[in-house]
Amino acid sequence: MKTLMIAGIAFLASASAALAADAVPTVTPGPFSPPPAYPAVQSYPQPAVASGPLAPPPAYPVSRVYDWTGFYVGINGGGAFGKTHWFSAPNVASGTANLSGGLAGGTAGYNLQTGEPYVVGVEADLDWAGLKATASPPACAPNPDCELKVPWLGTARLRFGYAFDTIFPYVTAGVAAGDLNADIVGKPFGTASTTNLGWTAGGGVEFALTAALRAKVEYLYVDLNGFSCNAECGGGPVSFNVHANVIRAGLNYRLWVQ
C-alpha cells in the first residue's frame, strides 16, 4: 500500500510539471550567460526564467518595444516664415520684408541605436518651396517692389536623441541649400538667380505608429546667407539676406522590417 501511494504521488508530480512546462516556457541560459534582460517579444503568459549557475534571473525583466536602427524614406510638408533683410547700395537704403510660403517634398535617412536608448542618425530632404518676400528698395522704381523667391530648399543633417521605446525626441543640425531668385515685380529686366549654401539647426519628435510606419513633427531654423540682384533689380545692387523658420510634419517608412 505504501509503495502504491509513493508511485501515485510521483505520477501526479510529473504530470503537474509537464502541464506547467506546456503552459509557461522556460528560458535556461548557458553556464556563463545571464538570462535575457530584454526579451525580443513580449508574450503572455510570461516565460519563466531559470537562472544559470553563475547568474541570477533579472528582478524586473524588460521588453524593448521598438528598435530605431535602419534605413527609411518618407514624405514631409509644412510651411516657413521669417524676415528677409535687404540693402540697396545706390540709395544707401535698407529694410526688412516678410518671407513665407509652403513646403512639400521627400526624405531619406538612417538611424543607429545600440544597446542604449540613445539614437544617432543622418537625414536628408529636398522640398519644393513656395517661399516669397516683397521688398521696396528705391532701386526697383518706377515699379514699387522687388520680389524674392525660394523655389526649392534642401537640408542634410545629423540627428541625435533619446528613445523612449516608440517615442524619439531629437535635436538636429547640418547644412542647407536653396535656390534664390530676385527681380522687379513684372520682370522688366529679367531674373537674378543663384544657389546658396547655408546652415540649419532645430529639433523634433518622431513616433512609431507601426513596425514600419513612423510620423514626425519638427522645427528648423534655416540660414541661406545672402546674394545680390543687379540689373534685374533696376541696376542695383540690391542684396538680400535669407533666413526662415520651418515647421513641418512627415511620414517615414522603415525599410527591410524584420
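Only the Cβ atoms of Lys and Arg (+1) and of Asp and Glu (-1) were treated as charged; on that basis the dipole of the stretch 128-258 about its Cα centre amounts to roughly 380 debye. Pairs of Lys residues in the stretch 70-254 that lie 8 or more places apart, or on two chains, and have C-alpha atoms under 14 angstrom apart add up to 4. Spin-label model, Trp128/Ala93: points 7 Å from Cα along the beta carbon direction are separated by 3.5 nm. The simple spin-label model puts a point 7 Å past each Cα toward its Cβ; for Thr166 and Asn245 those points are separated by 3.1 nm.
No value in this document is a laboratory result; all are computed from the given coordinates. As the structure is a prediction and not an experimental result, all values here were calculated from the model. Glycine gets a Cβ as well: all are built from the backbone with ideal geometry, and neighbour counts include every protein chain shown.
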